[in-house]
Amino acid sequence: MAAKPVAPIKRLVVLVSGSGTNLQALLDEIAAVGAEAYGAEIVAVGADREHIEGLARAERAGLPTFVRKVKDYDSRDEWDAALAETVSAHEPDLVVSAGFMKIVGKEFLSRFGGRFVNTHPALLPSFPGAHGVRDALAYGAKVTGCTVHFVDDGVDTGPIIAQGVVEVRDEDDESALHERIKEIERRLLVEVVGRIARSGYRIEGRKVVIQ
Ligand code: GAR
């Protein structure tokens, strides 16, 4: 009997702007089960700023890192092209925005559209943008959560891959609620990235079908 072909291990570039606990969850899972069983390995970690724990986590894991700051470029488009070029050099199959707090532009999307995954701390399409947790609390939502989705040219508007639900408690402040969301979010991101890496997927309009 012919041996079952082993799917190639997918190459991930992860982008961060902050503490990098979602990145850490990916690193821990790949270290625990192995890149082959997980279906993917992280080949580089990039950021839009220096001196963040997300980059320190990557360095401790022995991964190459890079920083592309908007203010180092004459225009947002030049920054976007430089980010796209740098990410491209690592030949990723998938790019994961794990707390990357910048909106990418046309060049980045033309190269990585359909394979650029973001995680957002709210149940999209509610509460998009940079303050998803704060906005859900201020609105008085009783449930919120997290959304893992493909990035398109809007702000948090791309096709949804998976969502996790978290109840809002009367005593919640932004930080307590965000911590509970992140516990669910880290597990969801690890599960989703592994599944799409191993199984493949199609995007049909707004629907993501994992094969
Ligand atoms: C995560 O909750 C992620 O959803 C959020 O930043 C946090 C990063 O945490 N992203 C956004 O709000 C994007 N709009 P981490 O740095 O500990 O992984």
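The values are calculated or read from the model by the stated rules, or taken from the named source; none is laboratory data. Treat the numbers as computed from the prediction; the structure is a model and nothing was measured. With ideal geometry, Cβ positions are generated from the backbone for all residues, glycine too; neighbour counts draw on all protein chains shown.
In region 157-183, the qualifying residues are those that are touching a Leu at 6+ places or on another chain (Cβ under 8 Å) and part of a helix (DSSP H, G or I), and the one that is surrounded by the most Cβ atoms within 10 Å (Cβ to Cβ) is L177. Does V143 meet the test of being within 19 Å of M101 (Cβ to Cβ) and aliphatic (A, V, I, L, M)? No: the conditions fail for V143.
If only one of G154, G114 is surrounded by fewer than 18 Cβ atoms within 10 Å (Cβ to Cβ) and within 16 Å of the ligand (Cβ to nearest atom), which one is it?
Exactly one residue qualifies, and that residue is G154.
The residue of region 121-143 that is farthest from the ligand (Cβ to nearest atom), among those that are in contact (Cβ under 8 Å) with a residue 24 or more places away in the chain, of a type outside the set (G, A, S) and out of contact with any strand residue (DSSP E or B) (no Cβ under 6 Å at 6 or more places or on another chain), is K142.
Can we say E53 is more than 19 Å from V192 (Cβ to Cβ) and surrounded by fewer than 18 Cβ atoms within 10 Å (Cβ to Cβ)? So E53 fits the description; yes.
Does L109 qualify as being modelled with pLDDT of 95 or more and in contact with a Pro (Cβ under 9 Å, 6 or more places away or on another chain)? It would help to see each step written out before you state the result.
Details: modelled with pLDDT of 95 or more: yes; in contact with a Pro (Cβ under 9 Å, 6 or more places away or on another chain): no.
No.
Applying a threshold of 6 Å to beta carbon distances and a minimum spacing of six or more residues, or different chains, the list of pairs starting in region 100-117 at a residue that is without any contact (Cβ under 8 Å) to a residue 60 or more places away in the chain and at negative phi and ending at one that is outside any helix (DSSP H, G or I) and of a type outside the set (D, E) reads F112/V95; R115/L94; F116/V95; F116/V151.
Name the helices (runs of 4 or more DSSP H) wholly inside region 1-102 in which the number of residues that are modelled with pLDDT of 95 or more and closer than 21 Å to F150 by Cα is 3 or more.
21-33, 76-89
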